[in-house]
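See structure below.
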Amino acid sequence: MVQSTRNAPPCPFEKIFPSQLQRDDAFYMQLAYNLAIDAWKVDEVPIGAVIELGGEVIASAHNQRDSTCDPTAHAEIRALGQAAKAIGDWRLNHATLYVTKEPCPMCSGAMLMSRVKRVVFAVSDPKMGCLGGAIDLNALPQVNHHLEITRGVLDKPCLDLLQAYFKLKRTDD
């Protein structure tokens, strides 16, 4: 694996330590948010993803495009691969994927293809989001599977994290 030679700007955000007693959308999104902070600390775009099945986390990842030199190493793609391996099936039809930013075309397509039951995302992406932001792949009538979508969970902290990262990156360049 090739390591990035770039220097990550210092991350001013603290991780959140949610109570294990209430495993709701906010709980799982807080775990994804923490992964986004981990991504920042290794100079990756701060996006995190968690996949839950039956109340348990079966996969979690953050972006690793730069450190792996792999254009497909988005948090969602990495988490989908982990989840399929964890359950021994590519069909994730009872799983919920939580991600800190609306999925791109590649990730949205992978979620549809893996039959994820539900997707929860924090920040909408009007430029590249494909679950309602720029376009909605889930709304295509010819698609043989449709996702349940929940938008805006923990959107303010996730948006603040993304905006701060890019603001610092632009001043460093």
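Near I58, the amide H atoms lying under 5 Å from its own belong to I51, E52, L53; only residues 5 or more places off or on other chains count, and H is placed 1.01 Å from N.
In a reduced charge model with +1 at each Lys and Arg Cβ and -1 at each Asp and Glu Cβ, the chain shows a dipole moment near 120 debye about its Cα centre.
Largest GNM mean-square fluctuation across S67, S114, S19, computed for the chain with C-alpha springs under 10 Å, falls on S19.
Just checking the listed ones, Q20, Q30, Q163: in the Gaussian network model of the chain with Cα springs under 10 Å, the one fluctuating most is Q20.
Of all lysines in the structure, the ones whose alpha carbon falls short of 22 Å from that of K156, not counting any fewer than 8 places away in one chain, are K15, K41, K101, K127, K167, K169. Using C-alpha pairs under 8 Å with a sequence gap of at least 6, the mean separation divided by the residue count of region 89-158 gives a relative contact order of 34 percent. Rounded, prolate or oblate for region 80-159? Axes are the square roots of the Cα gyration tensor eigenvalues, ordered a ≥ b ≥ c, and the cut-off for rounded is a/c under 1.5. In terms of gyration-tensor shape, oblate. Note on region 113-173: with neighbouring protein chains present and a 1.4 Å probe, carbon and sulfur make up 57 percent of its accessible heavy-atom surface. Ordering T68, A36, Q22 by Cα displacement along the dipole of region 1-90 toward the positive end leaves T68 in first place; charges were set at the Cβ atoms of Lys, Arg (+1) and Asp, Glu (-1). With all protein chains kept in place, the per residue accessible area of the chain amounts to 51 square angstrom at a probe of 1.4 angstrom.
Spin-label model, R23/T72: points 7 Å from Cα along the beta carbon direction are separated by 3.0 nm. Volume of the convex hull of region 1-71 (Cα atoms only), normalised per residue: 89 Å³.
Quote the relative contact order of region 1-154 in percent (integer), defining contacts as alpha-carbon pairs under 8 Å separated by 6+ residues.
Reported relative contact order: 18 percent.
Over the Cα atoms of the chain, the radius of gyration divided by the Kirkwood radius equals 0.96; this is the Rg/Rh ratio.
Note on the chain: helix-only mean residue ellipticity at 222 nm, from DSSP H runs of 4+ residues weighted -39500 (n - 2.57) and normalised by residue number, equals -11000 deg cm²/dmol. Classification of region 28-120 by its C-alpha gyration tensor yields a prolate form. The axis ratio a/c (a ≥ b ≥ c) is 1.5 or more, and a/b outweighs b/c.
The values are calculated or read from the model by the stated rules, or taken from the named source; none is laboratory data. Treat the numbers as computed from the prediction; the structure is a model and nothing was measured. Counting neighbours? That spans all protein chains shown, and the Cβs are built from the backbone with ideal geometry, glycine included. When the accessible area is computed, the model is the full protein with side chains, heavy atoms only, and any ligands, DNA or RNA have been set aside. Shrake-Rupley method; radii C 1.70, N 1.55, O 1.52, S 1.80 Å.
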